[in-house]
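Before any comments, here is the structure.
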Amino acid sequence: MGGNPQLDEQGALRHLLTIDGLPRQTLVQILDTAESFVAVNEQEVRKVPLLRGKAIFNLFFEPSTRTRTTFEIAAKRLSADVINLNIGTSSQSKGETLLDTVDNLAAMQADMFIVRHAQSGAAHMIARHVAPHIHVVNAGDGRHAHPTQGLLDMFTIRRYKSAFHNLRVAIVGDVLHSRVARSQIHALTTLGVPEVRVVAPKTLLPVDVAQMGVHVFHDMVAGLRDVDVVIILRLQNERMRGARLPSTQEYFHYYGLTPEKLACAKPDAIVMHPGPMNRGVEIDSRVADGGQSVILPQVTFGIAVRMAVMSILAGNS
């Protein structure tokens, strides 16, 4: 295989592990395919037979109701057989290794694994291990990547802004602990967004963030000035080591998105959040529920994007 373990010899998508390194045409193919599934999801009968007879295993070694549910709905709308496994409470507690678990499930004629794991690189390890006909989708690994969330965010931006080449996008908040932020930055730059900003206190930024091709701001007012898209990240207290913030109240004062701070962005700017939201910490309810918020449409589009990813992978078997 070539340089990218996600692509086969013909350059077709075999696994979706990270947006980093994927060619622009692959991202556009996924977004275009998702467009057709939005129409399916608006029909009275929301099923298509594209994955009939395929067995898709949701392997969640880390809980996430929203991501797991949207993958499950997406797979069922493609007519696949879906098996949900909360591994954290079963085989892992018996001392079975990750790859033993995968081998046992592969023996049950699995066609695709949707993997969420607290360890960065877990999905890559599984992808290297499985037989060639089995596909792996990374549903979030450690601080590393969350490619389908990044893609559904790109789909949402394209839906509301139609193109990427003339946008200014600000990603605000806990970039350090966010696998979503990394996926968003890779996707935005690959799709040709000319200016990607990150807005956060120094303690919540990775040391190498400037090397990712973004403009760094520590002041919210300056960071939001004239942007077209504002992406708010969740403050990930559960991943923090030590005191990186004085208090959530102080964080909200400086970095919480309020109507007053949003007024610095363009009047038609959209507000996004990967969820779940901490209201009153990173976002004011008046913004979350306001006219510029597209947070709920993001969730809806997530089903279409995950349908697109799974159908493309299955079509490349």
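The values are calculated or read from the model by the stated rules, or taken from the named source; none is laboratory data. Quantities reported herein were computed from a predicted structural model and do not represent experimental measurements. All Cβ positions, glycine included, derive from the backbone under ideal geometry; neighbour counts span all protein chains shown. Side chains included, ligands, DNA and RNA excluded: accessible areas come from the protein's heavy atoms. Shrake-Rupley method; radii C 1.70, N 1.55, O 1.52, S 1.80 Å.
Of the peptides 134-146, 208-220, 184-196, how do they stack up when ordered by the mean number of other Cβ atoms within 10 Å, highest first? Walk me through the numbers on the way to the answer.
Values: 134-146: 23.9, 208-220: 14.5, 184-196: 20.7.
Those peptides, ordered most packed to least, come out 134-146, 184-196, 208-220.
Could you order the peptides 295-305, 264-274 from most to least packed, using the average number of other C-beta atoms within 10 Å per residue? Display every interim value, and only then the final one.
On the way: 295-305: 20.9, 264-274: 19.2.
Averaged packing, sorted descending, gives the order 295-305, 264-274.
Please get the size of the charge dipole for region 139-223, origin at its Cα centre, with Cβ charges of +1 on Lys and Arg and -1 on Asp and Glu, quoted in debye to the nearest 20.
200
With a 1.4 Å probe and every protein chain left in place, tell me how much accessible area R225 has, in Å² to the nearest 10.
120
Among (i) 58, 55, 40; (ii) 66, 51, 43; (iii) 55, 43, 39, which one is Cα extents along the principal axes in Å computed from these coordinates?
Entry (iii).
Just the number, please: carbon plus sulfur as a percent of the accessible area of the chain, 1.4 Å probe, no ligands or DNA/RNA counted.
Summing carbon and sulfur atoms, their accessible area is 52 percent of the total for the chain.
Averaged per residue, what accessible surface does the chain expose to a 1.4 Å probe, in Å²? Working shown, then result.
On the way: 13370 Å² over 317 residues.
With all protein chains present, the chain gives 42 Å² per residue.
Residue by residue through region 113-123, which ³J(HN,Hα) values in whole Hz follow from phi under the Karplus form 6.51 cos²θ - 1.76 cosθ + 1.60 (θ = phi - 60°), with glycine and proline marked x?
Coupling constants for region 113-123: 10, 9, 10, 10, 8, 6, 8, 4, x, 4, 5 Hz.
Can you give the % of DSSP beta bridges in region 1-152 that are antiparallel, to the nearest 5?
10
Helix 295-315 versus the longest principal axis of the chain: what is the Cα-based angle in degrees, 0 to 90, to the nearest 10?
That helix lies at roughly 30 degrees to the long axis.
Check L257: other-chain or 5+ apart residues with amide H under 5 Å from its amide H, H built from backbone geometry?
Long-range HN contacts for L257: I283, D284.
To test your reading of the geometry: what angle, between 0 and 90 degrees and rounded to tens, separates the Cα axis of helix 24-41 from the longest principal axis of the chain?
Long axis of 24-41 versus the principal axis of the chain: about 80 degrees.
5 Å is the cut-off here: which amide hydrogens, built 1.01 Å from N in the peptide plane, fall below it relative to S293, excluding neighbours closer than 5 in sequence?
It is V271, by chain and number.
Of all DSSP beta bridges located in region 106-251, what percent are antiparallel, nearest 5? Don't jump to the answer; show the numbers that get you there.
Values: 1 of 18 bridges.
About 5 percent, rounded to the nearest 5.
Rounded to the nearest 20 Debye, what is the dipole magnitude of region 65-160 about its Cα centre when Lys and Arg each give +1 and Asp and Glu each give -1 at the C-beta?
For this selection, approximately 440 debye.
Which one, F164, M112, V136, projects farthest toward the positive side of the charge dipole computed for region 66-194 from Cβ point charges (K/R +1, D/E -1)?
F164
Using θ = phi - 60° and the Karplus curve 6.51 cos²θ - 1.76 cosθ + 1.60, what whole-Hz ³J(HN,Hα) does each residue of region 194-202 get, with Gly and Pro shown as x?
After applying 6.51 cos²θ - 1.76 cosθ + 1.60, I find x, 9, 10, 10, 10, 10, 6, x, 4 Hz.
Treating only the Cβ of Lys, Arg, Asp and Glu as charged (+1, +1, -1, -1), what charge dipole size does the chain show about its Cα centre? Round to the nearest 20 debye.
The calculated dipole for the chain is roughly 160 debye.
When DSSP assigns beta bridges and you keep just the ones with both residues in the chain, what percent turn out antiparallel, to the nearest 5?
Counting DSSP beta bridges with both partners in the chain, the antiparallel share is about 5 percent.
Return the long-range amide H neighbours of I114 (sequence gap of 5 or more, or a different chain), with a cut-off of under 5 Å between placed amide H atoms.
Those qualifying (amide H under 5 Å, at least 5 residues apart or on another chain) are F57, N58, L59, V137.
Using just the helices of the chain, give the 222 nm mean residue ellipticity in deg cm²/dmol: DSSP H runs with n ≥ 4 each add -39,500 (n - 2.57), and the total is spread over all residues, rounded to 500.
For the chain, the value works out to -11000 deg cm²/dmol.
Mind checking which of I232, I171, I283 has the largest fluctuation in a GNM of the chain, springs on alpha carbons under 10 Å?
Result for the chain, Cα springs under 10 Å: I283 fluctuates most.
Give a residue-ordered list of calculated ³J(HN,Hα) values for region 131-148 (Karplus: 6.51 cos²θ - 1.76 cosθ + 1.60, θ = phi - 60°; whole Hz; x for Gly, Pro).
For region 131-148, the Karplus-derived couplings read 5, x, 7, 9, 9, 10, 10, 7, 9, x, 10, x, 9, 7, 7, 8, x, 5 Hz, x marking Gly and Pro.
Loop only by DSSP, 11 or fewer other Cβ within 10 Å of the Cβ. Give me the chymotrypsin sites (Phe, Trp or Tyr not before Pro) in region 1-86 that pass, ordered by residue number.
Of the chymotrypsin sites (Phe, Trp or Tyr not before Pro), not one in the loops of region 1-86 has a Cβ with at most 11 other Cβ atoms within 10 Å.
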